[in-house]
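Asker: Before I ask anything, let me first share the structure, which is written out below as structure tokens.
Where a number appears in this text, it was derived from the coordinates with a stated rule and is not lab data. Since we're looking at a predicted model, the values are computed, not measured. Note that we place each Cβ from the backbone using ideal geometry, even for glycine, and neighbour counts take in every protein chain shown.
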Amino acid sequence: MQGNARALAEIDNHDVMRAYRRWAPVYDATFGKVVEAGVKQATSLVNRYHGKVLEVGVGTGLSLPHYKHTLKVTGIDLSPDMLMRARERVQRKHLRHVDALLEMDATALDFEDKTFDVTAAMFVMTVVPDPVQVMNELIRVTKPGGHILIVNHFSIDKGLRAVVEKRLARFSDILGWRPDFPVETLMVSGKLKLEERRPLKPFGFFTLLRFQRLT
């Protein structure tokens with residue numbers, strides 16, 4: 001499964017850190033409200049499975065209370081400001097199923113190959129500097145037969161929305177994310193089988209992709 005994605009706007013980790021430092025104090029009350037429905041739908045899908053879960057880009061930990069308590073959840077994020085709030089959430093809500101919250105670069109995960117039964121990246125791929133490398137890292141740390149879930153905004157090629165996305169793309173470094181992000185960007189490996197692709201409620205602005213990691 002390999003796509004022919006067009007070149008993406010450049011974002012570096014400095015852009016990401018700057019954006020999330022600015023957003024961390026108000027994230028839950030602003031963007032968190034926008035993504036809440038998608039988070040619940042994605043975690044309900046993860047809850048069909050068992051074992052060890054990795055969430056890349058865990059942010060302030062909005063998803064953590066929604067995982068079933070028989071899972072063993074590890075979350076990583078590049079932003080210490082976001083992680084501080086995630087750790088506060090875990091402590092406040094007594095989330096014993098959360099094994100660890102770690103500061104880590106998603107392009108170079110500090111885990112052994114084939115460690116997790118499920119890996120997830122929600123609202124992350126338009127933010128990271130190298131989404132293809134992040135996807136390859138998710139593949140590497142997922143067990144054969146395991147699943148990778150992606151929730152993201154994907155751009156379209158036609159219509160008014162496409163025009164707006166392309167115009168906003170020039171400001172990606174300021175926004176801290178890429179408005180122009182085709183789904184083909186993530187179709188990077190023959191080790192993946194796309195099992196599900198569906199828009200998420202309420203407005204279908206975000207899409208869920210579910211892959212199986214092949215042996």
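Asker: Between His69 and Gln41, what is 0.36 nm times their sequence separation minus the Cα-Cα distance? Round to one decimal in nm.
Answerer: Gain on extension, His69 to Gln41, equals 8.4 nm.
Asker: So, one more: State the extension gain, in nm to one decimal, for the chain segment bounded by Leu194 and Glu88, taking 0.36 nm per residue of separation less the distance between their alpha-carbons.
Answerer: Residue separation times 0.36 nm, minus the Cα-Cα distance, leaves 34.6 nm.
Asker: Return the sequence-ordered ³J(HN,Hα) values of the stretch 108-123 in whole Hz as given by the Karplus equation 6.51 cos²θ - 1.76 cosθ + 1.60 applied to θ = phi - 60°, using x for Gly and Pro.
Answerer: Coupling constants for the stretch 108-123: 8, 5, 8, 10, 5, 4, 6, 8, 10, 7, 9, 10, 9, 9, 10, 6 Hz.
Asker: Can you give the extra length, in nm with one decimal, that the chain gains between Lys114 and His50 once fully stretched, where that is 0.36 nm per residue apart less the Cα-Cα distance?
Answerer: 21.6 nm
Asker: Provide the net charge surrounding Leu192, with neighbours chosen by a C-beta distance below 11 Å and charges set as Lys +1, Arg +1, Asp -1, Glu -1.
Answerer: Counting the neighbours of Leu192, the net charge comes to +3.
Asker: How far apart, in nanometres, would the label points at Glu184 and Asp99 be if each is projected 7 angstrom from Cα along the Cα-to-Cβ direction?
Answerer: 3.7 nm
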